[in-house]
Structure formats: structure tokens, C-alpha cells
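Below is one structure; the comments refer to it alone.
The values are calculated or read from the model by the stated rules, or taken from the named source; none is laboratory data. Keep in mind the model is a prediction, meaning the values are calculated, not measured. Positions of Cβ are generated from backbone atoms using ideal geometry, with glycine treated the same way; all protein chains shown enter the neighbour counts. To get the accessible areas, we keep the full protein, side chains included, count just its heavy atoms, and leave off ligands, DNA and RNA. Shrake-Rupley method; radii C 1.70, N 1.55, O 1.52, S 1.80 Å.
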Amino acid sequence: MAEKVGCSINTVSLALKDSPRISEATRRRVKEVASDLNYASNNMARALVLKKTGTIGLILRNISSLLLTTEARYIEQYLEQNGYTMYVIASHDDLKMEEKAINLMLSNKVDGLIVNTQFTDNLSRLEKLRNQGFPVVLLSGFDRMPRLDAVYPNLIKGAYLSTKHLIQMGHRSVIYVSSARDETGMADPKYVGYERALREAGITPGPDMACWLGSTDFHLVRDEALGDLLRKGKSEQAFFITQDELAIPIIRFLYKNGIMVPKDLSVTSIDNIRFADSAMVPLTTVGFDLRYISHHAIDILLEQIRGERPQDQFEDVAAEPEFYIRESCGYYDI
């Protein structure tokens, strides 16, 4: 290519990378010749020389969540701006699948890992990787944070604000509606925030104040759970639902069964997905700046890759929630 264009090999290399050091006319000429010659970058050879693959591994809890796929899109776009390609694997909240995903990413020689998890089981392994100089950033927070950099939404505070709003409206019995009980032995951060708001108001949470649906997909919820949801919808005055993606179909289900939100039942939620304000009943919900979370996590990871972060210093960033008061709670100005 260099011979055909009439320039040095280094100039061709820089032109193919769109370096601003090379004139636009030369970059265009190099790319025309590359196209004529069916040139494709040999990433394997480049990786062997540089000991870098230009790839980052992202492990998510699931890819059906609008919240997580939005976050993944921000991560992918920002990595691309910084010259990296992203591999993504969903663990589906399965510990063995998460372990397999970590192994697969490492075997593919990714330059760093970003991990969104509910489990503590793999944290010690991730800590060891980081201690060995391998870049790792978490998108999850824990009561006892590991020796790892982490950037994540403050779900405890988000659930606290959402529940407190209902209590301030005068509701003493706020039902906690979630997909399933946490089976990891740890307290779910959303339940921690919900419980904190209740106890602060002098309310003792009990088992009858929770409704477990058994699935994050409302279409897969069994009849028994639907019956419990309907009974509580008729007898109670307020629901805190732990995901917008559950809250929207739940409100529709209740409406079809004669329970009107917010006339008969006040509802708040968490996530502020892009459909929250245009739902059948616009959701009062809590949201987070996913762009900030994604970009800050990548900035930390890139600093690790470049060797710019001390091995013994870790950043723990719990992104602040923002509360959006809409029609589902039945009150707009608390």
C-alpha cells in the first residue's frame, strides 16, 4: 500500500487509524488503495506485538433489562470513541454462568473487565486479577466493598426516596413488589432502602407487606403470584415496585381487573426507563445518570490499562438518584 500511495509505511498505518497527523487527502487516498487491495487489519498480529487486543469484556446480569442494555450501549459507544471494541456476555444471575463468562473473557485476552453482578462469590477472584495488574471495574455496589474500583447506581437511596414519598403522602402500609426473593444470602439494596424508609417512619415491615412475583418478565408470572398481587391491590393503598419494567404491566393488569392507578392505588417505582413518562399511567420513579456511570467506569478502566492508577487505591462511586414525580403516585408536589 505504501508503495502504491507513494508514502512511508508509518504514514499508511497512521492514515488507517484516522490520525489527525495525516492530511485528509492522504487518509482518503490510503483508504481507497486499502479498499482496492481488500486490506483487512491483522488484529491477531497486532495483539501479539502490542500485547493488547483492543477489546474490553462486559459481563451483565441480563440483557433483557432496558436499564442494563441502555448502560451497555453507553459503554460500547464510549469505548469505541477510545479505540476499543466490546465483548458482552449475560450471566442471567447464574453464578456458574458468571464464572464461565469471566473465564471466556480472559481466554479471549480482553484488555480489561467491567462486571455487573449480584454475587460476592467471584469478587475475591476479581480482586486477585486486579492485584496482578489486570484492569477490573465493577458496576455493582455491596455492603462490604471489595478492593476494586466500582461505579454504580445508589439503589438503596433510590428505593428509600421512592418509598418515603408514599409514606409522606400518608400511606402507612406500602407493599414491596419485586420479581423474587434474594437467594444470595445478602440483603437486596432496594429492600434495604425500602425498609429504612419504613423504620424511619416508625413502621415495622412484615412478610405480609411483600409481594414476590417470581420473574422479571411479567408475562411469566404464575397465577398464584398474580392472585396475591390482585388481593393486595384491592386491600392496600400503595405499592413500591422495584422495576419500571414490572410497574408498567402491573398497572395495566390492575386496570383490567378494576383497580385504577392512582385513584385506587398509589404506585412508585425505580429505574426511569425511557417508557416511564409515556406509560398508560406515567410513572413516579427514581432514575440515575447512566451515561455518567458508564463513562466514569470506562475512564477508570482506561487509567488502569495505561498504568495511571495506584494498585492500592480504589474508587467507590455510588451515583445519586433523581426523583421524578408523575401521575402514578397521585400527588405531584410533596
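For segment 113-170, what are the residues that are open to solvent by less than 30 Å² (accessible area, probe 1.4 Å) and of a type in the set (D, E, K, R)?
Once the filter is applied, which keeps residues that are open to solvent by less than 30 Å² (accessible area, probe 1.4 Å) and of a type in the set (D, E, K, R), segment 113-170 yields Arg130, Asp149.
Can you tell me which residues in segment 308-324 are in contact (Cβ under 8 Å) with a residue 60 or more places away in the chain, open to solvent by less than 90 Å² (accessible area, probe 1.4 Å) and either at positive phi or of a type outside the set (A, V, I, L, M) (or both)?
Arg309, Gln311, Phe314, Glu315, Asp316, Pro321, Phe323
So which residues in segment 288-301 are out of contact with any Leu (no Cβ under 9 Å at 6 or more places or on another chain) and open to solvent by less than 60 Å² (accessible area, probe 1.4 Å)?
Once the filter is applied, which keeps residues that are out of contact with any Leu (no Cβ under 9 Å at 6 or more places or on another chain) and open to solvent by less than 60 Å² (accessible area, probe 1.4 Å), segment 288-301 yields His295, His296, Asp299, Ile300.
Limited to segment 55-105, what total is found for residues that are loosely packed, with under 15 Cβ neighbours inside 10 Å, of a type in the set (Lys, Arg) and within 17 Å of the chain's Cα centre (by Cα)?
1
Quick grid of which residues meet (1) free of Cβ contacts under 8 Å to residues at least 24 places away in the same chain; (2) over 20 Å from Leu166 (Cβ atoms):
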{"residue": "Leu213", "(1), (2)": "no, no"}
{"residue": "Lys232", "(1), (2)": "no, no"}
{"residue": "Glu245", "(1), (2)": "no, no"}
{"residue": "Gly258", "(1), (2)": "yes, yes"}
{"residue": "Lys263", "(1), (2)": "no, no"}
{"residue": "Asp277", "(1), (2)": "no, no"}
{"residue": "Leu283", "(1), (2)": "no, no"}
{"residue": "Gly287", "(1), (2)": "no, no"}
{"residue": "Ile293", "(1), (2)": "no, yes"}
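Among the residues of segment 242-267, which ones are over 17 Å from Arg181 (Cβ atoms) and either assigned to a loop (DSSP other than H, G, I, E, B) or among the hydroxyl-bearing types (Ser, Thr, Tyr) (or both)?
Within segment 242-267, Tyr255, Asn257, Gly258, Ile259, Met260, Val261, Pro262, Lys263, Asp264, Leu265, Ser266 qualify.
What tally of residues in segment 108-125 results from selecting those that are out of contact with any Asp or Glu (no Cβ under 9 Å at 6 or more places or on another chain) and at pLDDT 95 or above?
5
Suppose we filter segment 182-213 for residues that are under 16 Å from Ile156 (Cα atoms), within 25 Å of the chain's Cα centre (by Cα) and either at pLDDT 90 or above or loosely packed, with under 12 Cβ neighbours inside 10 Å (or both); how many remain?
Counting residues in segment 182-213 that are under 16 Å from Ile156 (Cα atoms), within 25 Å of the chain's Cα centre (by Cα) and either at pLDDT 90 or above or loosely packed, with under 12 Cβ neighbours inside 10 Å (or both) gives 9.
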